[in-house]
1. Once the piece of chain linking residue 128 and residue 1 is laid out straight, how much longer is it, given 0.36 nm per residue of separation minus the C-alpha distance between them?
2. State the extension gain, in nm to one decimal, for the chain segment bounded by residue 161 and residue 143, taking 0.36 nm per residue of separation less the distance between their alpha-carbons.
3. I need the semi-axes of the equivalent ellipsoid of the stretch 3-136: take the C-alpha gyration tensor, multiply each eigenvalue by 5, square-root it, list largest first in whole angstrom.
4. Could you identify which residue out of 139, 156, 91 has the top mean-square fluctuation in a GNM of the chain using Cα springs shorter than 10 Å?
5. Using a Gaussian network model of the chain whose springs link C-alpha atoms within less than 10 Å, name the residue from 47, 12, 130 with the highest mean-square fluctuation.
6. Can you give me the distance in nm between label points at residue 36 and residue 88, each placed 7 Å from the Cα along the Cα-to-Cβ direction?
7. Working out 0.36 nm times the residue gap between residue 26 and residue 151, then minus their Cα-Cα distance, what length gain in nm do you get to one decimal?
8. Which one of 36, 142, 61 has the biggest mean-square fluctuation once the chain is modelled by GNM with Cα springs under 10 Å?
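Just so you know, all these numbers are worked out from the coordinates, no wet-lab data involved. Computed from a predicted structure; not experimentally measured. Neighbour counts are summed over all protein chains in view; Cβ atoms, including those assigned to glycine, are modelled from backbone coordinates with ideal geometry.
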């Protein structure tokens, strides 16, 4: 199996197992697993990504780019779901369990592996937001030309005709009278 597919599949299995682990501990004694608190959706989301990696195309070839969004989008939804559960949990006898943290890390790992791991070529980490949108396959809209405000019309100016420079005036010299020899 190709490396990227294998990583996606392993992370999907880890995410699904973490849904059955404790997500909350109440007063340090009672554990609430993820499947009791919406964790089945997390299982389905990770299963979808894992199924795409396992069943689509030749397993020895990299996953086609058109299927990558079917892996990272469910992982992103799982991460947002877990993030809302983390922020909605109220202190006071309830602490977050290991399962919720593993699901959060697995969903982030699934996103990063899907978008930035290039198999044998290694990691292709983004240098800008444009790199992230390109890796995610999100089309970048073409820039529309900027509209320039119209400038008030200028009154036409009569063309200037070139004038030849005037010839210098000839100065008359006074005749010099010869001096008589003395």
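1. 42.6 nm
2. 2.0 nm is the gain from fully extending residue 161 to residue 143.
3. On the way: eigenvalues 183, 50, 24 Å².
Ellipsoid half-lengths, sorted descending, are 30, 16, 11 Å.
4. 156
5. Result for the chain, Cα springs under 10 Å: 130 fluctuates most.
6. The answer from the label model is 1.7 nm.
7. Using 0.36 nm per residue and subtracting the Cα-Cα distance, I get 38.0 nm.
8. Of the options given, 142 has the highest mean-square fluctuation.
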